[in-house]
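Notes follow once the structure below has been shown.
The values are calculated or read from the model by the stated rules, or taken from the named source; none is laboratory data. Computed from a prediction, not measured in an experiment: that's the story for all the values here. Heads up, the Cβs are rebuilt from the backbone with ideal geometry, glycines too, and the neighbour counts pull from every protein chain shown.
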Amino acid sequence: MLTVNSYSATSATEPLAPARVDRRDVGPRDVLIEIKYCGICHSDIHFVRGEWGTAPYPVAPGHEIAGIVAAVGPEVTQYAVGDRVGVGCMVDSCGECSSCRKGEEQYCLKGSTLTYGSPDKDGRITQGGYTTHIVVTEDFVVRIPEGIELDSAAPLLCAGITTYSPLRRWGAGPGKKVAVVGLGGLGHMAVKLAHALGAEVSVLSQSLKKREDGLRLGADHYYATSDPETFEQLAGSFDLIVNTISAKIDLDAYLSLLAVDGTMVNVGAPAEPLAFNVFPLIMSRRSFAGSAIGGIRETQEMLDFCAQHHLGADIEVISADKINEAYERVLASDVRYRFVIDISTLA
């Protein structure tokens, strides 16, 4: 067993602090990864602060992991020591249900094993990427192409795939009008990816203060949702709306922006329930949907697509002792657009 340094949460109210966590021995099909960078996702904050239910403390969060293979088990065929690799939001699944057989392990009918805070096969609770090393079965490791720097690749393992998956699923591409609600960690990747896929992209943000950034990232249009005329002007406009924010919004207002056969997909995860009027959906054959991350195969597809189009996340790299400060800045929307921890500062 390997014991490694971490930054961990011990309760919903205490700040994260240095700690030690155990990693299982490298099994026959396992990969030991020396973590170089780990992104900070809003989900990390929700989880460790108990906003989605009581967390199994102590726990090291982090599911946007980029690093280098340090060792492999004797039966590993896909990776070798020195490979650039990543780990996202899950580290295992049943491998047998209909979802897993289709390569959609994120929807495993028995429940996928999350990268942190989830019961692992050995009965212990998984520990995430705010650590120096992680051991993962090779089937849940992805290869990071040489065309992407490891630090800007880390957020792709959650923010990238969370937005790429619905864009691909609902056909973002040439001739399609796509709106992205919110220009944060998820939203900025949605804009980059939708633009690279060839769609006409609009950002719907509360104000115009990030307009210059939105256009730089690939948006064709930028609108302030605080202006009531925005909803009148854009009524019935969009084939696809991707809502990236983790807060309560007026769903009826946003659903009114869909064209006939349009779909609004929620990828943000607000802590409170959302409600909407179904009648306008019926009358215009609109759809409201949800989407999680992608499966391992689609995650690799996304990484290859990003390398082909020279895409990575816009990041601010921090040392581990700045994690708690970074959490507060995320909540204040004071980051453009993803914090990434330099894990060497944990050593």
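For segment 191-207, indicate whether the set of residues that are closer than 22 Å to residue 309 by Cα, among the charged types (D, E, K, R), buried (at least 19 other Cβ atoms within 10 Å of the Cβ) and touching a residue at least 40 places away in the same chain (Cβ under 8 Å) is non-empty. Yes, the conditions are met somewhere in segment 191-207.
Between 101, 143, the distinction of being assigned by TED's automatic domain parsing to the domain that holds residue 340, closer than 22 Å to residue 312 by Cβ and surrounded by fewer than 19 Cβ atoms within 10 Å (Cβ to Cβ) belongs to 143 only.
Checked against (1) in contact with a helix residue (DSSP H, G or I) (Cβ under 6 Å, 6 or more places away or on another chain); (2) farther than 15 Å from residue 91 by Cβ; (3) surrounded by 14 or more Cβ atoms within 10 Å (Cβ to Cβ); (4) not small (Gly, Ala, Ser), residue 52 meets all criteria but (3).
Selection within segment 227-279: residues that are without any contact (Cβ under 8 Å) to a residue 40 or more places away in the chain, outside any strand (DSSP E or B) and among the small types (Gly, Ala, Ser). The member of this set that is surrounded by the fewest Cβ atoms within 10 Å (Cβ to Cβ) is 275. The residue of segment 311-333 that is surrounded by the fewest Cβ atoms within 10 Å (Cβ to Cβ), among those that are touching a helix residue (DSSP H, G or I) at 6+ places or on another chain (Cβ under 9 Å) and in a loop (DSSP other than H, G, I, E, B), is 319. Among the candidates 67, 95, 82, the residue that is of a type in the set (Gly, Ala, Ser), out of contact with any Ser or Thr (no Cβ under 8 Å at 6 or more places or on another chain) and surrounded by 22 or more Cβ atoms within 10 Å (Cβ to Cβ) is uniquely 67. Residue 336 meets the conditions (1) surrounded by fewer than 16 Cβ atoms within 10 Å (Cβ to Cβ); (2) closer than 23 Å to residue 144 by Cα; (3) at pLDDT 95 or above in every case but one. The failed one is (3). Could you tell me whether any residue of segment 165-180 is of a type in the set (Ser, Thr, Tyr) and not assigned by TED's automatic domain parsing to the domain that holds residue 240? The answer is no, given that none of the residues of segment 165-180 is of a type in the set (Ser, Thr, Tyr) and not assigned by TED's automatic domain parsing to the domain that holds residue 240. Scanning segment 1-18 for residues that are closer than 20 Å to residue 120 by Cα and out of contact with any helix residue (DSSP H, G or I) (no Cβ under 6 Å at 6 or more places or on another chain) gives 1, 2, 3, 4, 6, 8, 10. Take the conditions (1) farther than 30 Å from residue 212 by Cβ; (2) over 19 Å from the mean Cα position of the chain (by Cα); residue 322 misses just one of them, which is (1). The set of residues in segment 290-310 that are surrounded by fewer than 22 Cβ atoms within 10 Å (Cβ to Cβ) and of a type in the set (Ser, Thr, Tyr) contains only 291.
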